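Undergrad: Dropping the structure in here first, questions after.
The values are calculated or read from the model by the stated rules, or taken from the named source; none is laboratory data. These numbers were taken from a predicted model, which means no experiment stands behind them. Reconstructed Cβ throughout: ideal geometry from the backbone, glycine too, with neighbour counts over all protein chains shown. Each accessible area value is taken on the protein alone, full model and side chains, heavy atoms only, with ligands, DNA and RNA left out. Shrake-Rupley method; radii C 1.70, N 1.55, O 1.52, S 1.80 Å.
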Amino acid sequence: MCHLIEKARPNDGLDLPGAVDLSARVVYFPVRHHSPACAWHVNRLVRELRPDAVLIEGPRDASSLIPLLLHPDTRMPVALYMTYVERRPAGASMPADTKLPERPRDRLPERHAAYYPFCDFSPELAAIRAAAELGIPAAFIDLSFAEMVSCRQQPPAAQAESLQGERWFAHSHFLLETCRRAGARDADDLWDTLYEVDYEHVPTERFMRNVLAYCAAARFGYNAAELAAEGCLAREAAMAAAIESTPGKLLVVTGGFHSVALPRTKGSLPPRVPVAADDAQVVLMRYGFEQLDRLNGYASGMPAPEFYQRHWEGRDVAGLLVELARQCRRKKLPVSTADAVAALVQVRHLARLRSHRRASREDLLDGIRSVFIKGADDAEGLPVLALARKLLAGDRVGNVPPEAGLPPLVHDFRQTAARLRLKLDRVDAVETTLDLYRKRRDREVSRFLHRLTFLEVPFARWVRGPDFVRGEQLERIQEVWNYHWSPPTESTLIERSLYGSTVAEAATSRLLEHFDKAEQAGQGRRADLATELVLHACRMGLHRHTQDLLDRLRGLIAEDAAFDSLVRAIENLLLLGVSREPLEAHHLRGIEELAAAAYDRACYLLPDLAKAAAEQEPVRLDALNAFYQSARTLGDTPERQLLRWQGLEQLADAGEGLAALRGAAVGLLHGDGRFCDDDLVRRLRGHLLGARGDGAEATDFLRGLLRAARHVLWQVPGVIETTNALLKEWSEEQFVRLLPMLRLALADLTPQECDRVAGAVARLLGIERLAPPMLFDMPAGEMLRGVEVNRRVRESLAADGLDNLA
């Protein structure tokens, strides 16, 4: 490895590590997380050195959980799960680029979470197990998670992160160049080639030096400011302090990125972070290979954990090939047992060709590609490779002993489920029907299940019933749910425990967090999202906060610049008003006033609706029609009518922008009696006959008009006459090109309405009786090709003077 780095790098001052001194008081073992090679050598070195203590990178407040990792009932993979609630004092300053005024009265805390996973082939776990067998104390020496968060200068992660991040390796220019020199596909393939295929035959000292070279190349691309911003330097100083304060012979097992710097780092601890007991926790939880697989988003360690698990257990790759072939046959893919045998031969030949003592992950995948795939990788190969990657990732789920305990949130879930008589001991799914209007217990169950759904806990699935958030099926009085306990139910509850100690508290905290984000979204503030959250709160029975949320809505409505958002907000508020009984929202005040304020704001935005990108047209067209209906529900007073008409008239008179929205404005004004039939026909004629371009604007205007008032087709004769005049002026080529848009304009007509329009067209053309419709079982593309052939035949006949023959 050192040789490859030396060849890949220019003269830039990169210092490669020297020989490893195993006789030193402190021996630093660099690891890549979840590397079987590193785990094997760590286990070997602990037994060879027999140090006085083994110090391991990991949150120091988790050292008390090490006995649980060694418990006979613990089955890998598991993870340390850490949460930290960072509470900011009232009036704390906001980031400099924040434009919105702060609300110091109830500043929400920042919530952080992180994982520290273990599997059987994790070097850290290998060190812990070997030390325990020899009676050597082991401890974690990194900062606690709360201290890590406080040391960062950059914004924290938006979701649960990994404390074993290795993104530095993927961004190293040295390693990318080394990949090119070594003929490796990527950094993972390079690591396998250099470390995983023959580690039992490499002396531990040389293995450690090679890993240090790999990590030194990755670290060289970062400067001190970048490392400080991520909290890396503070963590290393804390680990160095722990090393300095521990007497005797030490073996220090850390990620190689830190091992490069630790021998030269002076120990120091950051200022103490005052944390309340309930604001930070470290628990041991079940974990799964699906989460561990880096290909599924886990950004540290090795991909394909099932592949490395079998390698760690000494199992041959033949078993994977046989299983993959079986899965392919279940999916009706043409892979036989003979293909599995041929693929195994291919894998072994590839490994031998590449000087691998054992098959690497890429050797296996190349064997699958060359034998199992009958065609192109990006076509026929996609389903095979998808099955292969899923198989290599694995579906193992770990287990923790009862002594590990559970966070209060899980206890509350179990107690609440027992009180509400929900069955947690059933293997199969249970269906329950809830009477929301007559049974209080059923209403409590509904709220409990909605809270879990809002927290995204995999426990219950809503089947049918009134949906008070979307405003659907409100005539129903019962809800039907399917629920089923599974291991991910509790692991997800553990993850959600950073939001609170009860399901109600966690749902409330998450709800307030979402609402706070909606308020701080700058120009993207949307009242519809906030009103949906109010509906969610009522549906979950979190009534203590709903009035405050409604009061905060007024500011959002006043600054919302999206017409469709305001219309949806009006609909949500009206829905909240009519659903007070099942939602128990009788105490809410100001609903009608907020809806009226949203209405006024939407009217103000009407003139600029057409000034939007083409992709926004469908949403705005739907919102325009919904706005008209909401106005009727809200109470269409003369003042509101006048305000709406003024905005619609300005939109209808707009000379630029989306023609469909101008057409819809004309249709709505005609429906209100603001435009008479003659006004409608005049505007339609002006847009259709005076349309710019190739005529697409004309069809767009007609489509918008019919979306808002399709009845004008049979109630206003001039509409059909004007449209017919436009079609007569089009050439056949133009007609064929615009035919799809014409069909789209008429797509909302019911069969009965189509018949009425056909009759009106027939009368206009002097046809007394319509022939039965001819039905063609022919794709639209074939019909258009037929029209083109017909045109060319006509042109050919005309060129030969035969076009006038009978």
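Undergrad: For a Förster distance of 51 Å, can you work out the FRET efficiency between the beta-carbons of K249 and L353, rounded to the nearest 0.05?
TA: The value I calculate is 0.70.
Undergrad: Return, ordered by residue number, the residues of the range 440-469 whose backbone nitrogen is under 18 Å from a label point located 7 Å along Cα→Cβ of Q629.
TA: 466-469
Undergrad: Once you put a point 7 Å from the Cα of A224 and another 7 Å from the Cα of R438, both along the Cβ direction, what distance in nm separates them?
TA: According to this spin-label approximation, the distance is 7.6 nm.
Undergrad: Nearest 10 degrees is fine. How inclined is helix 732-745 to the longest principal axis of the chain, computing both from alpha carbons?
TA: 80 degrees
Undergrad: Over the range 330-371, what is the relative contact order in percent, taking alpha-carbon pairs closer than 8 angstrom and at least six residues apart?
TA: Computed over the range 330-371, the figure is 41 percent.
Undergrad: Could you tell me how many degrees, from 0 to 90 and to the nearest 10, lie between the Cα long axis of helix 503-519 and the main elongation axis, the longest principal axis, of the Cα atoms of the chain?
TA: 60 degrees
Undergrad: Next up: What spacing in nm lies between the two simple spin-label points modelled at E403 and H545, each 7 Å away from Cα in the Cβ direction?
TA: So the two model labels end up 3.8 nm from each other.
Undergrad: What aspartates and glutamates could a cross-link reach from K611, if we take a straight Cα to Cα line under 18 Å and drop same-chain neighbours fewer than 8 places away?
TA: List returned: D560, D564, D622, E649, D653, E656, E697, D700.
Undergrad: Can I ask one more? Once a ≥ b ≥ c are taken as the square roots of the eigenvalues of the Cα gyration tensor of the range 702-751, is the result rounded (a/c under 1.5), prolate (a/b larger than b/c) or oblate (a/b not larger than b/c)?
TA: oblate
Undergrad: Once you have a ≥ b ≥ c as the square roots of the Cα gyration tensor eigenvalues for the range 306-401, tell me rounded if a/c is under 1.5, and otherwise prolate or oblate according to whether a/b is larger than b/c.
TA: It is oblate, given that a/c is not under 1.5 and a/b is not larger than b/c.
Undergrad: I've got another one for you. Would you kindly find the accessible area of E475, with a 1.4 Å probe and non-protein molecules such as ligands, DNA and RNA excluded, rounding to the nearest 10 Å²?
TA: About 140 Å², rounded to the nearest 10.
Undergrad: Over the range 214-276, with the other protein chains present, what is the accessible area per residue in square angstrom, probe 1.4 angstrom? Don't skip to the answer; put the middle values down first.
TA: Details: 2550 Å² over 63 residues.
Ligands and nucleic acids excluded, the result is 40 Å² per residue.
Undergrad: Working from Cα positions, state the angle (0 to 90°, nearest 10) between the long axis of helix 617-634 and the longest principal axis of the chain.
TA: 70 degrees
Undergrad: With a 1.4 Å probe and every protein chain left in place, work out the accessible area per residue of the range 467-597 in Å², rounded to a whole number.
TA: Value for the range 467-597: 37 Å² per residue.
Undergrad: Can I ask one more? Normalised by the residues of the chain, what does the relative contact order come to in percent, with Cα pairs under 8 Å and at least six apart? Each step should come with its number before you reach the end.
TA: Details: 1199 pairs, mean separation 82.8, N = 806.
Relative contact order, the chain: 10 percent.
Undergrad: To continue, here is another question. How would you rank 796-803, 533-540, 477-484, 612-619, highest first, on the average number of other Cβ atoms within 10 Å across their residues?
TA: Ranked by mean Cβ neighbours within 10 Å, highest first: 533-540, 477-484, 612-619, 796-803.
Undergrad: While we're on this one: May I ask you to compute the full-extension gain from V787 to A182, defined as 0.36 nm times their residue separation minus their alpha-carbon distance, rounded to one decimal in nm?
TA: Result: 211.9 nm gained on full extension.
Undergrad: Hey, can you rank 704-711, 729-736, 333-340 by average C-beta count inside 10 Å, highest first?
TA: Packing order, densest peptide first, comes out as 704-711, 333-340, 729-736.
Undergrad: Related question: Hey, what did the range 334-450 get for relative contact order, percent, Cα under 8 Å, at least 6 apart? Can you show the working numbers first?
TA: Numbers: 55 pairs, mean separation 15.6, N = 117.
That works out to 13 percent.
Undergrad: Leaving out ligands and nucleic acids, note down the accessible area per residue over the range 620-675 with a 1.4 angstrom probe, in whole Å². Show your work: numbers first, answer last.
TA: Numbers: 2140 Å² over 56 residues.
Accessible area per residue: 38 Å².
Undergrad: Also: If you plug each phi of the range 308-319 into the Karplus form 6.51 cos²θ - 1.76 cosθ + 1.60 with θ = phi - 60°, what whole-Hz ³J(HN,Hα) values come out, in order, with x for Gly and Pro?
TA: 6, 5, 5, 5, 5, 7, x, 8, 6, 5, 4, x
Undergrad: Might you work out the accessible area of D61 for me, using a 1.4 Å probe with all protein chains in place, and round it to the nearest 10 Å²?
TA: Accessible area of D61: about 80 Å².
Undergrad: Compute the length gained on full extension between R47 and D21: take 0.36 nm times their separation in residues and subtract their Cα-Cα distance, giving the result in nm to one decimal.
TA: 7.7 nm
Undergrad: Tell me the net charge near A747. Cut-off is 12 Å between Cβ atoms, A747 excluded, with +1 for each Lys or Arg and -1 for each Asp or Glu. Let's see the in-between values first.
TA: Details: positive: R703, R707, R710, R743; negative: D748, E753.
Once all neighbours under 12 Å are counted, the net charge is +2.
Undergrad: When all protein chains stay in place, what accessible area (Å², nearest 10, 1.4 Å probe) is found for R87?
TA: Roll a 1.4 Å probe over it and R87 shows about 140 Å².
Undergrad: Once you sort the root eigenvalues of the Cα gyration tensor of the range 438-520 as a ≥ b ≥ c, which label holds: rounded (a/c under 1.5), prolate (a/b larger than b/c) or oblate (the other case)? Mind showing how you got there, number by number?
TA: On the way: a/c = 2.02, a/b = 1.29, b/c = 1.57.
Oblate shape, in that a/c is at least 1.5 and b/c is the bigger or equal ratio.
Undergrad: Quick one: pull the percent of accessible area on the chain belonging to carbon and sulfur, 1.4 Å probe, ligands and nucleic acids left out.
TA: Numbers: 19650 of 38040 Å².
Answer for the chain: carbon and sulfur cover 52 percent of the accessible area.
Undergrad: Right, another one. Starting from the exponent 0.38 and prefactor 2.2 Å, build the expected Rg for the chain from its residue count and divide its actual Cα Rg by it.
TA: Output field value: 1.23.
Undergrad: What ³J(HN,Hα) values, in whole Hz, does the Karplus curve 6.51 cos²θ - 1.76 cosθ + 1.60 give for the range 216-230 when θ = phi - 60°, with x put for Gly and Pro?
TA: Values, residue by residue: 5, 5, 5, 6, 4, x, 10, 9, 4, 5, 5, 5, 5, 4, 8 Hz.
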